[in-house]
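These notes concern the structure reproduced below.
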Amino acid sequence: MSDYRSVSVQDRRVAPAEPGHRMSRRAAASPPPPPPGDEPPRGGRRAAPGKGGGVNKMRVLAWISIGVTTVMVAGALTGYTVYRDAFGNIHKKPVKILTPRPPSTGALNVLLVGSDTRAGEGNAKYGQKLARSADAGGKRTDTIILLHLSPSRDKAQLISFPRDSMVQIPTCQNETTKQPMPAYRGQINAAYSSGGISCTMSTLETLTNIRIDHFVEVDFSGFKNIVNALGGIQICLKSGVDDKFSKLKLPPGKSLLNGEQALGYVRLRHYGDGSDIQRIKRQQIFLSKVVAKATSGELLSNPAKLTSFIKAAAQSVTMDPALADDTAKLLDIAKSAEKLTANGVKFTTIPWIPDPDDPNRVVWKQPDAGELFNAIRTDVELPAATPSATASSAPKVALKPEQVQVQVLNGTPTGGKAREVADQLSKQGFKVVGLGNYQAPGGKAIAKTEVRYAKKAAEGADYAGVLSGMLVPKPGPTAGKIRPTSTDAYTSPVALPSGGTKAEGAPVIQLIVGEDFKGVKVEKLPDSVTNNTITASAQKNVCT
């Protein structure tokens, strides 16, 4: 049984190419014929000929990440009743998920979505004629981001999912008719257009096996209000821009953008090489600056500005009642932001490849995407693009995974489990020397995972500790090895370094996989992940 729930779900998009026309995207996003009594989603919106199709879409990282600052502001919130009162202005929307849900962890995972409705003052000018009304043609998620806050709340990871990803959408309840809809394969933003936020949450939980605790939703008006409440965001352009499609005119160099200008900037298509990849990078840099400003002393030390910001953010977002009505939780999360600096916030785009059937769509690149999901499930900090993570769990001697030899034994009734775990360990640098099975007396499965070392191994506990520290849950090392029921050879899918292995001469540590096993922590992520990850604090002087 694989950890990668989305193995069969790949991704589609052509890097430098312009995306397809809005009509073709919306057509692909439409679900199959609804069951009797169900109403089909409203029709799509077409881009005008010659205008680049995706001009009015704000893909991947857009305004919604700013909404998350509602729960990322400072510990200074405690004791200010005005902030408590502001939380009462948050809009609420119930959640109903029909599919089985992953278990909760100590981390907090919040789904952030940006709705493309043009409702609100000044928004009718964006998009083609059919789009210029609230929910015209069916509202859709222009942005889908998973915010992962570590259990200690000192690190934040924002994972962006392209809206034109082709995925398996599970059984959901139609938001309008309340009738169940069958599962089908379609564009990921179709889940929102027919099943609402509940279906989007269900879809991502099914694909990633990550529990989504709450959601936050923002539209065009909310985005502008939050930027204005922050006093604007400064950006830097390598060259000037005068784009009638995004309604933006700016000189080269630095500019302080208000909410209206910021909306045009994150939606800007006709600039640079015109590629969607370049626009994604601009959006990530913009949001990095938003996070930096929202967590800066300039805001947190100014009660008047902070009050204005909290009120604007609260009025600009929609949340699930479990979060919106829990003032204590909101304040607790806000207090935790004392430890959250811009350096602790990373933005990552899910690894993707072009859809072999349609260059205007993408499928998620596997196993890379699965390894990223595993990193989130095991709450390992995403590394920056340059430095590589190293093991830090060795108790006494300075050991690395490359120095630890492991025999993996399957103590569960799940066939192939030992090989699956061995592959995960190999990718993190461990030297797996063999596989096998183990059954307790009476043929019983092993309930809890065990890590064992030979009693006579002088440093066996140290080597075992390195392995133990990389497992979820973390078992305590035990002296005394067991006799496997059966053994098998193992060949690593990862190329070993030339000149031998650092593990030569080290004791062999036994890992007996029990039924409580959740996974191997991911400290080494694929290049497709690390090269598409940026740190908020490093974007201060970046020009695009």
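The values are calculated or read from the model by the stated rules, or taken from the named source; none is laboratory data. Because the structure is predicted, anything quoted here is derived from the model rather than measured. Note that each Cβ is placed from the backbone with ideal geometry, even for glycine, and that neighbours are counted across all protein chains shown.
Quick one: count up the residues across the range 311-330 that are assigned to a helix (DSSP H, G or I) and crowded, with 19+ Cβ neighbours inside 10 Å.
Total satisfying the criteria: 7.
Scanning the range 140-155 for residues that are touching a Gly at 6+ places or on another chain (Cβ under 7 Å) and surrounded by fewer than 24 Cβ atoms within 10 Å (Cβ to Cβ), which turns out farthest from Thr535 (Cα to Cα)? Within the range 140-155, the match that is farthest from Thr535 (Cα to Cα) is Pro151.
So for the range 256-278 (the condition being surrounded by fewer than 19 Cβ atoms within 10 Å (Cβ to Cβ), outside any helix (DSSP H, G or I) and in contact with a Cys (Cβ under 7 Å, 6 or more places away or on another chain)), does at least one residue qualify? Checking the range 256-278: not a single residue is surrounded by fewer than 19 Cβ atoms within 10 Å (Cβ to Cβ), outside any helix (DSSP H, G or I) and in contact with a Cys (Cβ under 7 Å, 6 or more places away or on another chain). Only a single criterion out of (1) surrounded by 22 or more Cβ atoms within 10 Å (Cβ to Cβ); (2) in contact with an Asp or Glu (Cβ under 9 Å, 6 or more places away or on another chain) is not satisfied by Gln283, namely (2).
Only one of the numbered conditions (1) surrounded by fewer than 24 Cβ atoms within 10 Å (Cβ to Cβ); (2) under 29 Å from Gln366 (Cα atoms); (3) not basic (Lys, Arg) is not met by Asp243, and that is (2). Of the strands (runs of 3 or more DSSP E) lying entirely inside the range 162-233, the ones with 3 or more residues being surrounded by 21 or more Cβ atoms within 10 Å (Cβ to Cβ) are found at 166-169, 214-218.
If I filter the range 98-121 down to residues being within 20 Å of Ala324 (Cβ to Cβ) and hydroxyl-bearing (Ser, Thr, Tyr), which single residue comes out as modelled with the lowest pLDDT? Filtering the range 98-121 for residues that are within 20 Å of Ala324 (Cβ to Cβ) and hydroxyl-bearing (Ser, Thr, Tyr), the one modelled with the lowest pLDDT comes out as Thr117. When you check Thr491 against the structure, is it in the same structural domain as Ala418 (by TED's automatic domain parsing), out of contact with any His (no Cβ under 7 Å at 6 or more places or on another chain) and within 27 Å of Ile353 (Cβ to Cβ), yes or no? Yes: the conditions hold for Thr491.
For the range 234-247, the tally of residues that are free of Cβ contacts under 8 Å to residues at least 60 places away in the same chain and in a strand (DSSP E or B) stands at 4.
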